[in-house]
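Structure first, commentary second.
The values are calculated or read from the model by the stated rules, or taken from the named source; none is laboratory data. Fair warning: this is a prediction, and the values are worked out from it, not measured in the lab. Cβ: placed from backbone, ideal geometry, glycine included. Neighbour counts: every protein chain shown. All accessible areas refer to the heavy atoms of the entire protein, side chains included, with ligands and DNA or RNA removed. Shrake-Rupley method; radii C 1.70, N 1.55, O 1.52, S 1.80 Å.
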Amino acid sequence: MSTSLHLLADAPAQLLPARELMAFTLASHIILVPLGVAFPLITLVMHYRGLRRKDATALLLARRWSAVMAVQFALGIVTGTVLSFEFGLLWPGLMGRWGDVFGVGFGVEAWAFFLEAVLIAIYLYGWRRLKPRTHFLLGLPLPFVALLGAFGILAANSWMNTPRGFSLDSEGNPVDVNVWKAIFTPMFGPQYWHFVVAMVLTAGFMVSGVYAMGWLRGRRDHYHRLGFAIPFTIAAVAAPVQFVLGDSIARSVFHKQPVKFAALEIVWKTDTRVPEYLFGRLNEDGTVSGGIKIPLLDSVLAGFSPNTEVVGLTSVPADERPTATQATIAHWAFDLMVVIGSVLVLLALWYGFVWLRHRRLPASPWFYRSAAGAGVASVVAVECGWIATEVGRQPWIVYQNMRVAEAVTSTRSTSLWIMLGVVMVVYVFLFGSFVVILLKMRTRWRLADEQRAAASRESAPEDDLPYGPRASVSANDVPAGPGGDRP
């Protein structure tokens, strides 16, 4: 029997459905995270431009984005709450033994969610009800509160990767907890900044991708140019920064989690002059099938020298490392993330070159086709980063302290499979409703613009400022949006 099959046979029956349930809910929630963390920043940048330059179009975009931000936040609250319950229900061994050590991160995140809900409500309500400067200033804390939420969850996850800040008593239970050491673990800094910049990059590409599609369909007015340029510029600045941070966190994993690094790079035996494999599959006997082999590159990337020693998977017993299948999954996820990141950097350089040389947006349809796909590609990269992080840590839920099988619930596997099916149906309904709401908002906004343009040919539809007296509304106008007569 192969090592992978042997380890699978020894695992509790409920382990697989518990992991699948957690994986599905996390993968679904993470789609919303970039918008939750970085969309407030992008919206406030647009808002600031509108106030600074007295640009009615920018203010209109900021106002409409704030409505999208509120809808997205509501859905994020639901999926985030489900995850909070799952930590306790699916992994009681983790929370029961280690909750006092790393649970403060979840507490910080809960407070951040609460504050963000209040601030979004104030910001959304403030259009046409507050003075412009006051309204903008009340929105400024939003990005910082979003970063606080990311701080809490990344503190918990980085602790699971490099646990610190406790001692163990004779029974193996944590005592003498040092909260500061538990929060600021060796992996916290690299993980946090890599995550934050990834969220900014992804949100920028997601939002600009919508307006890139509009450009490809012939909508090339100031409204669509501005809706594309601001978020894409933010993402383009973040892309090369993320490339550097990605290299930094990979090197941190090399030093702090050498077995995980071996899984990400499918290194079987500890050695120097280790080659780099682009994709490829690790076999049970340590050989690699397929992929592109680049001699010496893995050692060079890890330590800037071909003589750098890279720890292999066989440096630890089989039950303390990812299986060959898990290592292959982590490796593919890591490589795909790097490939997507590299392509996004090239797209950002294309944009920057055209702007610096001609002071205009690129004109090539291929650029906008690429920009439209960049949003989806960046979300895929985020999913791959999460897979690489979590699968590469196997079999540990707390690195070198508790295995996943030791933390799993005792609930029957049948019940967990049923729960997974129910959650999948509910999530399809939730995300489907989210898409329908966004499409209806888009249609209503477009109709409002067309009606306003038809009523007053002297001014463009985006010339209506979201501050000042409310415009009159006829009986034939579309329904009012949040905060005023014109969404």
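Annotations
- Apportionment of accessible area to carbon and sulfur, the chain, percent (1.4 Å): 66
- Modelled this way, with points 7 Å down the Cα-to-C-beta line, the labels at TRP193 and LEU349 are 2.2 nm from one another.
- Counted by Cβ distance under 13 Å from ASP176, the other residues give a net charge of 0, where Lys and Arg count +1 and Asp and Glu count -1.
- Along the range 129-144 the Karplus relation, 6.51 cos²θ - 1.76 cosθ + 1.60 evaluated at θ = phi - 60°, assigns HN-Hα couplings of 10, 10, 5, x, 5, 4, 4, 5, 5, 5, x, 4, x, 4, x, 6 Hz to successive residues, with x for each Gly and Pro.
- Where SER66, SER248 fall by accessible area, highest first, once all protein chains stay in place (1.4 Å): SER248, SER66
- Shape call, the range 15-168: gyration tensor on alpha carbons, a/c limit 1.5: prolate
- Solvent accessible area, Å² - LYS293, 1.4 Å probe, full protein context: 120
- Counting charges near HIS331 (Lys, Arg +1; Asp, Glu -1) among other residues having Cβ under 12 Å from its Cβ returns a value of -2.
- Helical contribution to [θ] at 222 nm, DSSP H n ≥ 4, -39,500 (n - 2.57), averaged over the chain, rounded to 500: -24000 deg cm²/dmol
- The phi torsions of the range 117-126, fed into the Karplus equation with coefficients 6.51, -1.76 and 1.60 and a -60° offset, translate into couplings of 4, 5, 5, 5, 4, 5, 5, 5, 5, x Hz, rounded to whole numbers, with Gly and Pro shown as x.
- Computed about its Cα centre, the charge dipole of the range 71-199 is approximately 800 debye, with only Lys, Arg, Asp and Glu carrying charge at their Cβ.
- Computed from label points 7 Å out along Cα-Cβ, the spacing between ILE294 and VAL380 is 2.0 nm.
- Acute angle (nearest 10 degrees) that the helix 56-90 long axis makes with the longest principal axis of the chain, alpha-carbon atoms: 30
- Between amide H atoms placed 1.01 Å from N, distances below 5 Å from ILE397 occur with MET402, ARG403, VAL404, all of them 5 or more places distant or on a separate chain.
- Span from the the range 184-242 Cα centroid across to the the range 69-115 one, whole angstrom: 26
- Checking every one of the chymotrypsin sites (Phe, Trp or Tyr not before Pro) in the range 248-336 against DSSP loop status and a limit of 16 other Cβ atoms within 10 Å picks out PHE279, PHE304.
- Take the Cα of HIS358, step 7 Å toward its Cβ, do the same at SER305, and the gap between the two points is 4.8 nm.
- Amide H contacts under 5 Å for PHE166: ASN178, restricted to partners 5 or more places along the chain or on a different chain, H placed in the peptide plane at 1.01 Å from N.
- At a probe radius of 1.4 angstrom, the accessible area of the chain per residue rounds to 47 square angstrom.
- Test item: Cα-centred dipole of the chain, Lys/Arg +1 and Asp/Glu -1 on Cβ, debye: 2340
- Other-chain or far-sequence residues with amide H under 5 Å of GLU276's (modelled H): ILE294, LEU296, LEU297, ASP298
- Taking the centroid of alpha carbons for each part, the range 273-346 and the range 139-153 are 35 Å apart.
- Taking 0.36 nm per residue of separation and subtracting the current Cα-Cα distance, fully stretching the chain between GLU171 and LEU216 would add 9.8 nm.
- Taking the C-alpha atoms only, the angle from helix 188-216 to the longest principal axis of the chain is near 40 degrees.
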